[in-house]
Amino acid sequence: MDDRNLGTRLFVIRRLGLPPTNTLSTKFIGIILILLFTLSACRSIEGAPKMTDAATDTVPDRTDAFEMNDRIGRGVNLGNALEGPREGDWGVTLQEEYFQLIADRGFDSVRIPIRWSTHAANETPYTIDPSFFERIDWAVQNALTRDLVAVINFHHYEEIFSDPSGHEERFLELWQQVAAHYQDYPQELIFEILNEPHDKLNTIAWNSLLMKTLNKIRETNPERIIIIGPPKWNAVNQLSYLDLPEDDRNIIVTFHYYEPHHFTHQGAEWAEGSDAWLGLTWDGTQSQENDVITAMDGAKVWAERHDRPLYMGEFGAYSKADIDSRARWTAFVAQSASERGISWAYWEFCAGFGIYEPDLKIWMNPLVEALLPVE
């Protein structure tokens, strides 16, 4: 008998209070071990904490990133609200009924864009306004209590794009506050470090900042699922330039998809020259579909090579495009992502790209059915 078998025999003898003898057979020892471990497992399950829908006083259970990505599933962005300079500035103030509508319609998650930077002090320690925290708490809890996975991010921190080094300290301190505030929330609350890094927050600067931010968040949220995207506006063709720590597997990688840009942004007031694109259609030609397929296949290849789950955190076509083209494009992009195991969040709920008309209280059914086809 080798040392491992001897150790097993001694464990059973001590656990059961049997006399120290060498006459116990290996078969007998095996039977006793099975009974012991079965009893132990039953007790563990019986005493295990139940999953809650809101914040708890315990550290969240660990959840695999791929499992959580499946739970994100099919989602929608609550855009043009909390990421405005002030909520309501861009025409949307979140209502409790929005969360119920989204859940009842069959979506799995919401992405909540947030402009923390205009609700915090400009001098150290860069304290976030407590009343703003309360508003975010309200939004998160409205999602979680309806079994919607909630993604919160840093959105429109414009100053860090033009001056990364000048705002790095503030950005990290803001994230430290957010991470500490939500450290006891369940794993269905997911952090996304920053929306669409660009300009002077280039590839090198972004890879450096994301690592520092990740380390800061991990101080209080060691197992929290965190979403991180590539540089240059989270473009899908920039995934290969993203540098992530190999030893941190609690990461979901995001990208955004608005191609062809001239179609999805035709007539958009913030897009220079977009009036010239009015009238462009998306007819689902082989060439148009192939562009989407190429992008999604490329993303999938990257994800498989790096063993990372993928989340298409934004995609949508602006309301100035004709509704039939919008529905065709939306359906094909969403389906192409889902077929490749990519979760997604449509941009957005009830503004210029929206799937819901809040004044009339009606759904834009062609778009909703494109996203959630009847099976």
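For the range 137-174, which residues satisfy the criterion of being within 16 Å of the chain's Cα centre (by Cα) and among the hydrophobic types (A, V, I, L, M, F, W, C)?
Across the range 137-174, the qualifying residues are ALA139, VAL140, ALA143, LEU144, LEU148, VAL149, ALA150, VAL151, ILE152, PHE154.
In the range 67-88, what count of residues is obtained for those that are in a loop (DSSP other than H, G, I, E, B) and in contact with a helix residue (DSSP H, G or I) (Cβ under 8 Å, 6 or more places away or on another chain)?
5
Going through ILE114, ILE152 one at a time, which residue ends up being closer than 23 Å to ILE225 by Cβ and either of a type in the set (Phe, Trp, Tyr) or part of a loop (DSSP other than H, G, I, E, B) (or both)?
One residue alone meets the criteria, ILE114.
Yes/no per residue for (1) outside any helix (DSSP H, G or I); (2) crowded, with 18+ Cβ neighbours inside 10 Å; (3) β-branched (Val, Ile, Thr):
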position	(1), (2), (3)
GLY284	yes, no, no
SER287	no, no, no
ILE293	no, no, yes
ASP297	no, no, no
TRP302	no, yes, no
TYR311	yes, yes, no
TYR318	yes, yes, no
THR330	no, yes, yes
TRP344	yes, yes, no
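Can you find a residue that is in the same structural domain as ALA103 (by TED's automatic domain parsing), under 22 Å from HIS155 (Cβ atoms) and either part of a helix (DSSP H, G or I) or of a type in the set (Val, Ile, Thr) (or both) anywhere in the range 351-370?
Yes; the residues of the range 351-370 include at least one that is in the same structural domain as ALA103 (by TED's automatic domain parsing), under 22 Å from HIS155 (Cβ atoms) and either part of a helix (DSSP H, G or I) or of a type in the set (Val, Ile, Thr) (or both).
Looking at the structure I just gave you, is ILE190 closer than 25 Å to ASN69 by Cβ, surrounded by 22 or more Cβ atoms within 10 Å (Cβ to Cβ) and out of contact with any Leu (no Cβ under 8 Å at 6 or more places or on another chain)? Explain how you work it out, then say what you get.
Values: closer than 25 Å to ASN69 by Cβ: yes; surrounded by 22 or more Cβ atoms within 10 Å (Cβ to Cβ): yes; out of contact with any Leu (no Cβ under 8 Å at 6 or more places or on another chain): yes.
Judged against the criteria, ILE190 is a match.
Condition first: surrounded by fewer than 21 Cβ atoms within 10 Å (Cβ to Cβ), at pLDDT 95 or above, more than 20 Å from the chain's Cα centre (by Cα) and of a type in the set (D, E, K, R). Can you find one or more residues in the range 118-129 that meet it?
Looking for residues that are surrounded by fewer than 21 Cβ atoms within 10 Å (Cβ to Cβ), at pLDDT 95 or above, more than 20 Å from the chain's Cα centre (by Cα) and of a type in the set (D, E, K, R), one finds at least one in the range 118-129, hence yes.
Just to be sure before I move on: is GLN266 more than 15 Å from ARG340 (Cα to Cα) and either buried (at least 16 other Cβ atoms within 10 Å of the Cβ) or touching a Cys at 6+ places or on another chain (Cβ under 9 Å) (or both) in the structure I sent?
Judged against the criteria, GLN266 is a match.
Check every one of the helices (runs of 4 or more DSSP H) wholly within the range 160-261 and list those with 3 or more residues that are at pLDDT 95 or above, of a type in the set (A, V, I, L, M, F, W, C) and more than 30 Å from ALA331 (Cβ to Cβ).
Working: elements: 164-181, 203-218, 231-234.
So the answer is 164-181, 203-218.
From the list ALA299, ALA295, which one is more than 14 Å from TYR258 (Cα to Cα) and of a type outside the set (Phe, Trp, Tyr)?
ALA299
Which of the residues belonging to the range 194-230 are within 15 Å of the chain's Cα centre (by Cα), without any contact (Cβ under 8 Å) to a residue 40 or more places away in the chain and within 20 Å of ARG170 (Cβ to Cβ)?
If the condition is that a residue be within 15 Å of the chain's Cα centre (by Cα), without any contact (Cβ under 8 Å) to a residue 40 or more places away in the chain and within 20 Å of ARG170 (Cβ to Cβ), then LEU214, ILE226, ILE228 are the ones that fit.
The values are calculated or read from the model by the stated rules, or taken from the named source; none is laboratory data. On a predicted model such as this, the values are computed, not experimentally measured, just so you know. Positions of Cβ are generated from backbone atoms using ideal geometry, with glycine treated the same way; all protein chains shown enter the neighbour counts.
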